[in-house]
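Trainee: Before I ask anything, here is the structure I am working with.
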Amino acid sequence: MKIAMVASEVVPFAKTGGLADVAGALPLALEYCGHEIIVIMPGYKCITEAKAKITRVSKDITASVIGKNVKVFFIENKNYFFREGLYGDKNGDYTDNLERFVFFCRRSLDLLKEINFSPDIIHLHDWQASLIAAYLKNLYANQDFYSRIKTVLTLHNVGYQGVFAKEEFPKLGLDWGLFDIDGFEFYNKINLLKGGIVFTDFITTVSPTYANEIQTRDLGFGLEGLLKLRKNVLSGILNGVDYSVWDPNTDKFIVQNFSPANPFDKVFNKENLQKICNLPVNKDIPVLGIISRLAEQKGCDILADSLDELAKLNVQLVILGAGDLKYQELLKTAAEKYPKCISLHLKFDNPLAHKIYAGSDIFLMPSKYEPCGLGQLISLRYGTIPLVFKTGGLADTINRNNGFVFSQYTKEELLKTIKKAGQVSKNKSKWDQLIENAMECNFSWKVSADKYIQLYAKAKKR
Ligand code: ADP
């Protein structure tokens, strides 16, 4: 099949979240399975600073290659994309984001014809690309080149929808008739993600449980009714992990490599982590690791509330995170109060993340909601036992055989589960079995890519 992937961020060129990981890794897995695939993304300022080789295709298009031969096209526009941030800066979202992504979507569609790449499927990601579904069904429907193309729209986090003032609607270049309840209208505003959900052929999200949850009032963020209406074309496909990057057996950032054949070497990484974090070096004290955006979605509220009691337990907590000022302050206060128990790192630091995945005993991920989650999947591979709230992708990947799950979102349940995990960690044979089970789990991209391929084939036949 021929597939064009359109996304606003793609690893290794630009990243703010998990979307970039998916848009960078899925094309490689699809190529490996024998499909022809291209990727289209905006030509941000950071692209020119990336280490990859970039070539010029035309006046406003450059390109690079990932994998064996997956071409990534960058749509340039000095006004719209040559900026420091992807979607905003310290003052908030860019005020012309609607115009920027209208331009991106139309230019992406025109580019396909220019390079004569006629895809069976255009795979769209999030609100930034979702206008393409509407354009294909309306503006481009009468053009032969475009009339047979099918779309799949992946929702990475329904909390972000691309909502703009009604007055901007003419900038979309669509008929005003589409600004209604069955189109883009959302409480008298424009909702780009909603338009995408209405017009796309198939919808996916990044875990089966999250696909159900977004059809409820709690997690649908106002789109639950529409998603329920389209549930026949909605499914959940888990994200994969790039095991060429996240492999304790070859990881260059950790002091001692280990694998399922010699899991006991993990302990040297724990010792090193305790040392570099200025925590007492003691292999009998469970180390809990957290690597996360500091946001309420990630469970920072119940975590912050738990810290005084957590400090009374015989555990150590290593936190690596950046984000909301409020949580930075709360964590800072606790870390100063309990220096022997909490080691806090308020930054984005990839090498340190590797060391925490490898050196912790338990990985805490008490997210309030979690479309898929990558941290728990990575920690499994490193024999670090996830402790999670039962939601979204966490519910789909973690169970009593490979981790600890709590199902009421309260600080009491979080603490109770931490205590339980601490106790189990004292039982060597039980703990070793958990580590073995965790390290054996396979969440590779190959598994996920096969599911996308099945879906593309179904969409193509439609
Ligand atoms: P998100 O909702 O942020 O996309 P995921 O769990 O899907 O959450 O993915 C987060 C990814 O970012 C993981 O690979 C995690 O290791 C990494 N990460 C998060 N915060 C940091 C940080 N402060 N430093 C280094 N890596 C981080």
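The values are calculated or read from the model by the stated rules, or taken from the named source; none is laboratory data. All figures in this text were calculated on a predicted structure; none of them were measured in a lab. Every residue, glycine as well, gets a Cβ built from its backbone with ideal geometry; the counts of neighbours run over all protein chains shown. Only protein heavy atoms, including side chains, enter the accessible area calculation; ligands, DNA and RNA are left aside. Shrake-Rupley method; radii C 1.70, N 1.55, O 1.52, S 1.80 Å.
Trainee: Ignoring ligands, DNA and RNA, what percent of the accessible area of the chain is carbon or sulfur (1.4 Å)?
Mentor: Carbon with sulfur: 51 percent of the solvent-accessible area.
Trainee: Debye sum, Cα scatterers, region 81-156, no solvent: what log₁₀ I/I(0) at q = 0.15, 0.20 1/Å?
Mentor: -0.57, -0.89
Trainee: Give the Rg (one decimal place) followed by the Dmax (whole number) of region 397-449, computed from C-alpha coordinates and expressed in Å.
Mentor: When restricted to Cα atoms, region 397-449 yields Rg and Dmax of 13.6, 39 Å.
Trainee: Moving on to the next point. Could you tell me the center-to-center distance, by alpha carbons, between region 409-462 and region 62-107 in angstrom?
Mentor: What the calculation gives is 34 Å, centre to centre.
Trainee: In addition: Once a ≥ b ≥ c are taken as the square roots of the eigenvalues of the Cα gyration tensor of region 258-338, is the result rounded (a/c under 1.5), prolate (a/b larger than b/c) or oblate (a/b not larger than b/c)? Kindly include the intermediate steps, with their values, before the conclusion.
Mentor: On the way: a/c = 2.31, a/b = 1.69, b/c = 1.37.
It comes out prolate by the Cα gyration axes.
Trainee: Over region 84-199, what relative contact order in percent results from Cα pairs under 8 Å that are six or more residues apart? Don't jump to the answer; show the numbers that get you there.
Mentor: Values: 141 pairs, mean separation 32.2, N = 116.
28 percent.
Trainee: With unit charges on the beta carbon (Lys/Arg positive, Asp/Glu negative), name the residue among G222, N262, V245 whose Cα is farthest towards the positive pole of the charge dipole of the chain.
Mentor: Going by the Cα projections, it comes out as N262.
Trainee: To one decimal place, what Kirkwood hydrodynamic radius in Å is obtained for region 31-117 from all pairs of distinct Cα atoms?
Mentor: 14.0 Å
Trainee: Turning to a different aspect of this structure: Express as a percent, rounded to the nearest 5, the fraction of DSSP beta bridges in the chain (both residues included) that run antiparallel.
Mentor: 25 percent
Trainee: If I histogram all Cα-Cα distances within region 215-275 using bins 10 Å wide from 0, what percent of pairs lands in each bin?
Mentor: 19, 26, 13, 14, 26, 2
Trainee: For region 133-202, run through the chymotrypsin sites (Phe, Trp or Tyr not before Pro) and keep only the ones in DSSP coil with at most 11 other Cβ atoms within 10 Å of their Cβ.
Mentor: For chymotrypsin sites (Phe, Trp or Tyr not before Pro) across region 133-202 that sit outside H, G, I, E and B with at most 11 neighbouring Cβ atoms in 10 Å, the list reads Y187.
Trainee: Now for a different question. Counting just the Cα atoms, what span does region 303-462 cover along each of its three principal axes? Round to the nearest Å and put the largest first.
Mentor: So the three principal-axis extents are 61, 41, 33 Å.
Trainee: When only C-alpha pairs under 8 Å and at least 6 residues apart count, what is the relative contact order of the chain, in percent?
Mentor: Reported relative contact order: 12 percent.
Trainee: Using amide H atoms built in the peptide plane, which far-off residues or other-chain residues are under 5 Å from F363 H to H?
Mentor: For F363, the qualifying residues are G289, I385, L387.
Trainee: Restricting attention to the alpha-carbon atoms of region 348-439, what are Rg (one decimal) and Dmax (integer), both in Å?
Mentor: 12.5, 35
Trainee: Any chance you could run the full-extension gain for D218 through N399? It's 0.36 nm times the residue separation minus the Cα-Cα distance, nm to one decimal.
Mentor: Values: separation 181, 0.36 × 181 = 65.16 nm, distance 2.30 nm.
Working it through step by step, the gained length comes to 62.9 nm.
Trainee: Please list the equivalent ellipsoid semi-axes of region 339-386, computed as the square roots of five times the alpha-carbon gyration tensor eigenvalues, in descending order and whole angstrom.
Mentor: 18, 14, 12
Trainee: Quick one: what Rg and Dmax do you get for region 44-192 from the alpha carbons, in Å?
Mentor: Rg then Dmax for region 44-192, in Å: 16.1, 47.
Trainee: If you add up the charges near G321, with Lys and Arg at +1 and Asp and Glu at -1, over every other residue whose beta carbon is less than 11 angstrom from its beta carbon, what do you get?
Mentor: Taking every other residue near G321 into account, the sum is +1.
Trainee: For region 129-236, what log10 I(q)/I(0) values come out of the Debye formula at q = 0.14, 0.17, 0.19, 0.23 1/Å, with one point per alpha carbon and no solvent?
Mentor: The calculated log intensity ratios at q = 0.14, 0.17, 0.19, 0.23 Å⁻¹ are -0.53, -0.78, -0.95, -1.28.
Trainee: Also, quick follow-up: Kindly provide the helix-only [θ] at 222 nm of the chain, computed as the sum of -39,500 (n - 2.57) over DSSP H runs of four or more divided by all residues, to the nearest 500 deg cm²/dmol?
Mentor: Taken over the chain, the calculation gives -11500 deg cm²/dmol.
Trainee: What does the net charge come to around K231 if you take all other residues with beta carbon closer than 14 Å to its beta carbon, with K and R at +1 and D and E at -1?
Mentor: Summing Lys/Arg as +1 and Asp/Glu as -1 gives 0.
Trainee: Using Cα-Cα distances under 8 Å and only pairs 6 or more residues apart, what relative contact order does region 187-321 have, in percent? If you can, show how the numbers build up before the last one.
Mentor: Details: 121 pairs, mean separation 20.6, N = 135.
With pairs under 8 Å counted, the relative contact order is 15 percent.
Trainee: Can you give me the orientation-averaged projected area of the convex hull built on the Cα atoms of the chain, in nm²?
Mentor: The Cα convex hull of the chain, projected and averaged over all directions, gives 21.5 nm².
Trainee: Counting other Cβ atoms within 10 Å, which GluC sites (Glu not before Pro) in region 1-98 have at most 11 and lie in a DSSP loop?
Mentor: Sites meeting the loop and neighbour criteria: E84.
Trainee: Could you check the simple spin-label distance between K51 and Q143, using points 7 Å along Cα→Cβ, in nm with one decimal?
Mentor: In this crude label model, K51 to Q143 measures out at 3.8 nm.
Trainee: Roughly what angle does helix 428-440 make with the longest principal axis of the chain, taking Cα atoms, 0 to 90 degrees, to the nearest 10?
Mentor: 20 degrees
Trainee: Starting from the Cα of K90, draw a straight line to each of the aspartates and glutamates and keep only those under 16 Å, dropping any in the same chain fewer than 8 residues away.
Mentor: Cα-Cα hits under 16 Å: D324.
Trainee: How much of the DSSP beta bridge set in region 1-93 is antiparallel, as a percent to the nearest 5? Mind showing how you got there, number by number?
Mentor: On the way: 11 of 21 bridges.
Restricted to region 1-93, the bridges split so that about 50 percent are antiparallel.
Trainee: Anything over 25 Å Cα to Cα? Flag those among K15/K347; K283/K390; K275/K428, in the order listed.
Mentor: Flagged as over cut-off: K283/K390.
Trainee: Identify, among A134, F184, G173, the residue whose Cα sits farthest towards the positive end of the charge dipole of region 125-186, taking +1 on the Cβ of Lys and Arg and -1 on the Cβ of Asp and Glu, with the dipole about the Cα centre.
Mentor: It is A134.
Trainee: Further question on the same structure: Using a cut-off of 12 Å between beta-carbons, work out the net charge of the residues near K390 (Lys and Arg +1, Asp and Glu -1, K390 not included).
Mentor: Details: positive: K368, R400; negative: E213, E370, D396, E413.
That sum, taken over residues with Cβ under 12 Å, equals -2.
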